[in-house]
Amino acid sequence: MAGAMIGLEEQIKILGLIIDRKLTFNSHVKYICTKVLNIYKHLSRSAKINWGLRSEIIRTIYVSVIEPIVLYAASVWATAAQKLTIQKHLNAVQRGFAQKIIKSYRTVSLPAALALARLLPLDLRVQEAARLYRAKRGKQQDVLGDRLVETKKCFLDALHPAQEIGINYAKLEDISDPSVGKSDREGLQIFTDGSKIGGKVGAALVYWRDGIETGKKKFLLESYCSVYQAEMYALYRATDVAIKCKDKQINIYSDSKSSLETIQNLKSYHPLAFEIRQNLKKLKDKQKIIRLFWIRAHVGVEGNERADQLAKEAAITKKTAPDYDACPISFVKRHIRYETVKIWQHRYEITEKAAVTKSFFPTVEGANAILRRLTLTPALVQVFSGHGGFSEYLHRFKCKEGPGCVCDETVDESILHLLIDCPQHSRIREDLHQQIQIELCRGSIPAILESNASRKIFLEFCLKIARIVIERNRTR
Ligand SMILES: [Zn+2]
């Protein structure tokens, strides 16, 4: 260029993303992994098994700092994350954090650490982020068939700032309160409501003049729609009615504060909020006075109760094609998460690692459901992972001469042997049986953990045995 040679670059960094010549994204992943591992090194100095940062704090750091760093621009390089070499890098990063969260030994395998820490595999999170990005951009989703995701409007479609009208809503604690003033009750009053019942979604309007019901409208929404969407849709149709009616003054009532706030917030690009604002502008051009009110739900406001009842009726009885069927992004999110967990479960099942963890928690979802209600202590993690002061483990990692148990030198002293078979602990085991009335065997552990009645007793039993054995192996 201008007589000078321009050299060929192996890679360039644009907006924090490293793009290499062959689009492998290897160097990008290497870059983010180094960045994250540096944080890990600092963190691990102050997060030890028995002292330092608590596991909830490490989890917060992981979720709010580490994951966002890794997931940055995931939609660009997600395909690269399907490669094994890249997965290996991500796994190495995540394993360290998962171990810190559960405060386990560093020998605990990745599948076990992830299940116990309740963290989705990082490479799957990358795929998730990429899919969600595509869904938000309006790309067709298999799960929805030919129906579309509700995408945000572009700011270019909004009214010109000079044309914007100020939108405000008033709060009415009690509509029959005489202090509300007469002007609020004049003209057309439209009550709106949305409802989800039995997996079906409906919305309704009811309009009143001089305290008498003069009309109603019922709408059906697609079953995956949210109550929030139903509320928004009802408000949208209410503004439609306001445009068509002859009244000069219209009051619209809703019990959904979040909907009214969305409408009021001019920076919100919700498609229905857009339509409502356009309608409000039209009403203003027609010199009509329209006011929005928020009323508290279920306090006996007659119009609101009636709208609520009609919305429920619409949801249950209306058999027509839905009036509104844009799929909320939250539904897509849930579906993507469901598929991710399915892949994670498959990986967890086929891996040869995490054998001990699997005998406590055969599914990752089950592990999540149980562990979120427990506070994991380092001792409990030793039990769930099998990596702790048990001879079989100590021998495997060359800390003890033989793996045998004190009851029989030829039998490995593993955590499952100690809990289920070892005659040394038969008395405590008998006590356990008396209390929970379930026979303890390899197959019954998941059921014992699942039941609220037996979980606590069983965990105390595990801890009691673990404490005895760990102490014994320490002194021997
Ligand atoms: Zn034994």
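Laid out as a table, the results:
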| item | result |
| --- | --- |
| Over the chain: Rg over Rh, Cα atoms, Kirkwood Rh | 1.11 |
| Long-range HN-HN contacts of Ile197 with modeled amide H, under 5 Å | Gly202 |
| Cβ-defined net charge surrounding Ser268, 10 Å radius [Lys, Arg +1; Asp, Glu -1] | +3 |
| Tensor-based shape of the range 342-475 (alpha-carbon gyration tensor, a/c under 1.5 rounded, otherwise prolate or oblate) | oblate |
| Those lysines that a straight Cα-Cα span of less than 23 Å connects to Lys284, excepting residues fewer than 8 apart in one chain | Lys153, Lys171, Lys182, Lys244, Lys246, Lys248, Lys257, Lys267 |
| Candidate lysines for bridging to Lys35, where Cα separation is under 20 Å - those fewer than 8 sequence places away on the same chain excluded | Lys13, Lys88, Lys100 |
| Relative contact order (%) - criterion: Cα under 8 Å, at least six apart; region: the range 11-144 | 25 |
| Principal axis box of the range 45-94, alpha-carbon based, largest edge first, Å | 40, 20, 14 |
| Spatially near lysine pairs across the range 342-475, Cα under 23 Å, sequence gap of 8 or more or different chains | 8 |
| The chain: relative contact order in percent, alpha carbon pairs under 8 Å with at least 6 residues between | 14 |
| Aspartates and glutamates with Cα under 12 Å of Lys196, excluding same-chain neighbours fewer than 8 positions away | Glu222, Glu231, Asp308, Glu313 |
| Percent of beta bridges antiparallel (DSSP, the range 155-326, rounded to nearest 5) | 55 |
| Share antiparallel - DSSP beta bridges, the chain, percent rounded to 5 | 60 |
| Mean Cβ count within 10 Å, highest first, over the residues of peptides 40-50, 65-75 | 65-75, 40-50 |
| For the range 155-326, alpha-carbon Rg and Dmax in angstrom | 15.3, 45 |
| Distant alpha-carbon pairs in the range 11-144 (separation over 27 angstrom), percent | 24 |
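Every number here is computed from the coordinates shown, using simple stated rules; none is lab data. In this text the structure is predicted, and so the values were computed from the model without any measurement. As a convention, Cβ positions derive from the backbone with ideal geometry for all residues, glycine included, and neighbour counts pool all protein chains shown.
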